[in-house]
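Asker: Once you've had a glance at the structure underneath, I'll fire off some questions.
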Amino acid sequence: MAIGLWAQMKVKSAYGKYVQVPSRGRITGREAAQAVMQSAGIHDVEIVECNGTLTDHYDPRNKRLALSRDNYRGSSLAALGVAAHEAGHAIQHKQGYAPLNLRMSLVPVTNIASQALPIVMLGGFFLFHSPMLINLGIIIYVVLTFFQLVTLPVEFDASKRAKAQLANLGIIEQDEMIGVEKTLDAAAYTYVAAFVSSLGWLLYMLAGNRD
């Protein structure tokens, strides 16, 4: 929990800082995402605006790239970094990047595990140390931990692509790269924290099963 809170604070701090720093080129996040995808020969992905803050995501099944308002319309260093990162996922999809394909295949079973988790946790209050609940919890956290593990290379690779493309296409200048890097690196901590959290719970459940 501590690592998770620290990661959230880190990304909010970095994003909050660099969303206030405009890029010299004044290109919006939407335009940056479009340029990155077009450079990779991608012309069939819809770019849409979505509600919330840092709710940006790429939907490979519907070929839709969603950017939150500040990142869709804004031209800050943070907006460009996040937009290019999501475009990086679209490039992964087009190129058949194996970890992304694996993560996509895991989504249905991961959704089931996530929906079952609150039931297991709630049941633990009434049936403490129940072997059945512990075994079910182990199965759930095996799924969640593996999903988070597979997510790591997907997210790190998308950020690597984003940084390279923003520089290669001349969307940002070299001295502006630090704002993009700090924003994307902070976001990466949240995925690491999610993996550590899932792994920690899995080890806790395994220890309970031994007892």
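The values are calculated or read from the model by the stated rules, or taken from the named source; none is laboratory data. Remember, predicted model here, so these are calculated numbers, not experimental data. Here Cβ is always computed from backbone atoms with ideal geometry, including for glycine, and neighbour counts include all displayed protein chains. SASA here: full protein model, heavy atoms, side chains in, ligands and nucleic acids out. Shrake-Rupley method; radii C 1.70, N 1.55, O 1.52, S 1.80 Å.
Asker: Per residue, what accessible area does region 83-190 have, given a 1.4 Å probe and all protein chains present, in Å²?
Answerer: On the way: 5350 Å² over 108 residues.
Ligands and nucleic acids excluded, the figure is 50 Å² per residue.
Asker: Let me ask you something else. Are any of the pairs Lys17/Lys63; Lys12/Lys182; Lys17/Lys182; Lys160/Lys182 more than 19 Å apart by Cα-Cα distance, and if so, which? Can you show the working numbers first?
Answerer: Values: Lys17/Lys63 30 Å; Lys12/Lys182 11 Å; Lys17/Lys182 10 Å; Lys160/Lys182 12 Å.
Over 19 Å apart, Cα to Cα: Lys17/Lys63.
Asker: Using the crude model of +1 on Lys and Arg Cβ and -1 on Asp and Glu Cβ, and no other charge, please compute the dipole size for the chain relative to its Cα centre, in debye to 20. All intermediate terms of the calculation are to be shown ahead of the outcome.
Answerer: Details: 18 positive and 16 negative charges, 12 e Å.
Dipole about the Cα centre, nearest 20: 60 debye.
Asker: Given the options Val48, Val180, Val154, which has the most mean-square fluctuation in a GNM of the chain, springs set between C-alpha atoms less than 10 angstrom apart?
Answerer: Val48
Asker: Shifting gears a bit: How much accessible area does Arg161 have with a 1.4 Å probe, in Å² rounded to the nearest 10?
Answerer: Accessible area of Arg161: about 50 Å².
Asker: Now for a different question. Excluding Arg103 itself, what net charge comes from residues whose Cβ is under 15 Å from its Cβ, given Lys and Arg +1 and Asp and Glu -1?
Answerer: On the way: positive: Arg61; negative: Asp59, Glu86, Glu155, Asp157.
Counting the neighbours of Arg103, the net charge comes to -3.
Asker: Additional query: Rounded to the nearest percent, how much of the accessible area of the chain (1.4 Å probe, protein heavy atoms only) is carbon and sulfur? Present the calculation step by step, with values, prior to reporting the outcome.
Answerer: On the way: 6800 of 11320 Å².
Looking at the chain in its full context, I get 60 percent from C and S.
Asker: Long-range amide H contacts for Cys50: which residues qualify at under 5 Å (H placed 1.01 Å from N, peptide plane, sequence gap of 5 or more or a different chain)?
Answerer: It is Leu67, Ser68, Arg69, by chain and number.
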